[in-house]
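The values are calculated or read from the model by the stated rules, or taken from the named source; none is laboratory data. The model shown is predicted, which means the values in this text are computed figures rather than measured ones. Cβ: placed from backbone, ideal geometry, glycine included. Neighbour counts: every protein chain shown. For accessibility, only protein heavy atoms count, side chains too; no ligands or nucleic acids. Shrake-Rupley method; radii C 1.70, N 1.55, O 1.52, S 1.80 Å.
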Amino acid sequence: MSLTRVHNFAISLDGFGTGEPQSLEEPFGHAGERLHEWMFATRWWNENVGEPGGTTGVDDAIARRHQPGIGAEIMGANKFGPPGWHEDPEWKGWWGENPPFHSPTFVMTHHAREPIEMQGGTTFYFRDASPAEVLEEARAAADGQDVRLGGGATMIRDFLKAGLVDHLHVAVVPIVLGRGARLWDGLEGLEADYDIESVSTPSGVTHVTLTRKR
């Protein structure tokens, strides 16, 4: 069976995966881009956005695990758009006509709509269903490859509570947000189900990887 994976999900020292309030102008609220500056500095990121340069150390090596072997993506409603996006029939996500997913992408939302086919192989499907039900559909669409959970924090937490995550990479960024959407709430004892590794890098980020025990 294919695996369910999370990669490059950044949280603050106090466990927040985004700030607040989220809006069209500030997708990550008062956090801005601070949670992701480590990733923007890597050569992997620059290659994906068509820019030269970038770091080639541990941050880069870990960030590159994001894409290989992925056949479908699942994301929460707040990753697809700002509050109220479901009221705009023309909204197609943050990423333009050629989103970076290049695979079937399932948006978990209480406001289902018809699929949106984009350039580059991405088709957005909108599902009002449980994590287990959406994962089953995503696995079928992934055609034997793995399914990536793209966030945000609330959605990943729901999959963790349901015992559906096989691999979780969290980048702990040395900032304190104080408010927003927190990843770990309600997950007491989660570590018992996973083998855990961590590595700190010169950027100040600590990469924590949880792999489900078999």
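Of all residues in segment 48-66, those being without any contact (Cβ under 8 Å) to a residue 12 or more places away in the chain and either buried (at least 20 other Cβ atoms within 10 Å of the Cβ) or under 19 Å from the mean Cα position of the chain (by Cα) (or both) number 2.
For residues that are among the hydroxyl-bearing types (Ser, Thr, Tyr) and buried (at least 17 other Cβ atoms within 10 Å of the Cβ), scanning just segment 77-134, find the one that is nearest to Pro21 (Cα to Cα). Break it down into steps so the answer makes sense when it comes.
Step one: of segment 77-134, the residues among the hydroxyl-bearing types (Ser, Thr, Tyr) are 103, 105, 109, 122-123, 125, 130.
Now restrict to residues that are buried (at least 17 other Cβ atoms within 10 Å of the Cβ): 103, 105, 109, 122, 125.
On the way: Ser103: 30, Thr105: 25, Thr109: 19, Thr122: 28, Tyr125: 26 Å.
Taking the candidates together, the pick is Thr109.
Could you check, for segment 94-106, whether at least one of its residues is more than 16 Å from the chain's Cα centre (by Cα) and not charged (D, E, K, R)? So far as segment 94-106 goes, yes, one or more of its residues are more than 16 Å from the chain's Cα centre (by Cα) and not charged (D, E, K, R).
In this structure, is Thr122 of a type in the set (S, T, N, Q) and out of contact with any helix residue (DSSP H, G or I) (no Cβ under 9 Å at 6 or more places or on another chain)? Walk me through it before giving the result.
On the way: of a type in the set (S, T, N, Q): yes; out of contact with any helix residue (DSSP H, G or I) (no Cβ under 9 Å at 6 or more places or on another chain): yes.
Criteria met by Thr122.
Go through the residues of segment 139-148 one by one and say whether even a single one is under 21 Å from Phe40 (Cβ atoms) and in contact (Cβ under 8 Å) with a residue 24 or more places away in the chain. Checked against the condition, which is being under 21 Å from Phe40 (Cβ atoms) and in contact (Cβ under 8 Å) with a residue 24 or more places away in the chain, segment 139-148 yields at least one hit.
Quick check, is Val134 among the hydrophobic types (A, V, I, L, M, F, W, C) and assigned to a helix (DSSP H, G or I)? I'd like the intermediate steps shown before the answer.
Working: among the hydrophobic types (A, V, I, L, M, F, W, C): yes; assigned to a helix (DSSP H, G or I): yes.
Judged against the criteria, Val134 is a match.
For segment 23-46, check the following and say yes or no: at least one residue is touching a strand residue (DSSP E or B) at 6+ places or on another chain (Cβ under 6 Å) and of a type in the set (S, T, N, Q). Yes: segment 23-46 contains one or more residues that are touching a strand residue (DSSP E or B) at 6+ places or on another chain (Cβ under 6 Å) and of a type in the set (S, T, N, Q).
Leu177 meets all of the listed conditions (1) at positive phi; (2) open to solvent by less than 70 Å² (accessible area, probe 1.4 Å); (3) part of a loop (DSSP other than H, G, I, E, B) but one, namely (1).
Where residues in segment 135-153 are hydrophobic (A, V, I, L, M, F, W, C) and open to solvent by 20 Å² or more (accessible area, probe 1.4 Å), which of them is nearest to the chain's Cα centre (by Cα)? Steps first, please.
So the first thing to find is which residues in segment 135-153 are hydrophobic (A, V, I, L, M, F, W, C), and the list is 135, 138, 140-142, 147, 149, 153.
Now narrow it down to the ones that are open to solvent by 20 Å² or more (accessible area, probe 1.4 Å): 140-141.
On the way: Ala140: 20, Ala141: 18 Å.
Ranking the qualifying residues of segment 135-153, first place goes to Ala141.
Being of a type in the set (A, V, I, L, M, F, W, C), touching a residue at least 40 places away in the same chain (Cβ under 8 Å), more than 24 Å from Lys79 (Cβ to Cβ) and open to solvent by 30 Å² or more (accessible area, probe 1.4 Å) is a description that applies to Val199.
Scanning segment 10-47 for residues being over 16 Å from Ser203 (Cα atoms) and either hydroxyl-bearing (Ser, Thr, Tyr) or surrounded by 15 or more Cβ atoms within 10 Å (Cβ to Cβ) (or both) gives a total of 15.
Kindly check whether there is at least one residue in segment 87-99 that is at pLDDT 95 or above, closer than 20 Å to Pro27 by Cβ and in a strand (DSSP E or B). Within segment 87-99, none of the residues are at pLDDT 95 or above, closer than 20 Å to Pro27 by Cβ and in a strand (DSSP E or B). Kindly establish whether Ile70 is in contact with a Lys or Arg (Cβ under 6 Å, 6 or more places away or on another chain), closer than 16 Å to Gly150 by Cβ and surrounded by 19 or more Cβ atoms within 10 Å (Cβ to Cβ). When the stated conditions are applied, Ile70 passes them. Scanning segment 186-214 for residues that are touching a helix residue (DSSP H, G or I) at 6+ places or on another chain (Cβ under 7 Å) and in a loop (DSSP other than H, G, I, E, B) yields Gly186, Leu187, Thr201, Ser203, Val205, Lys213.
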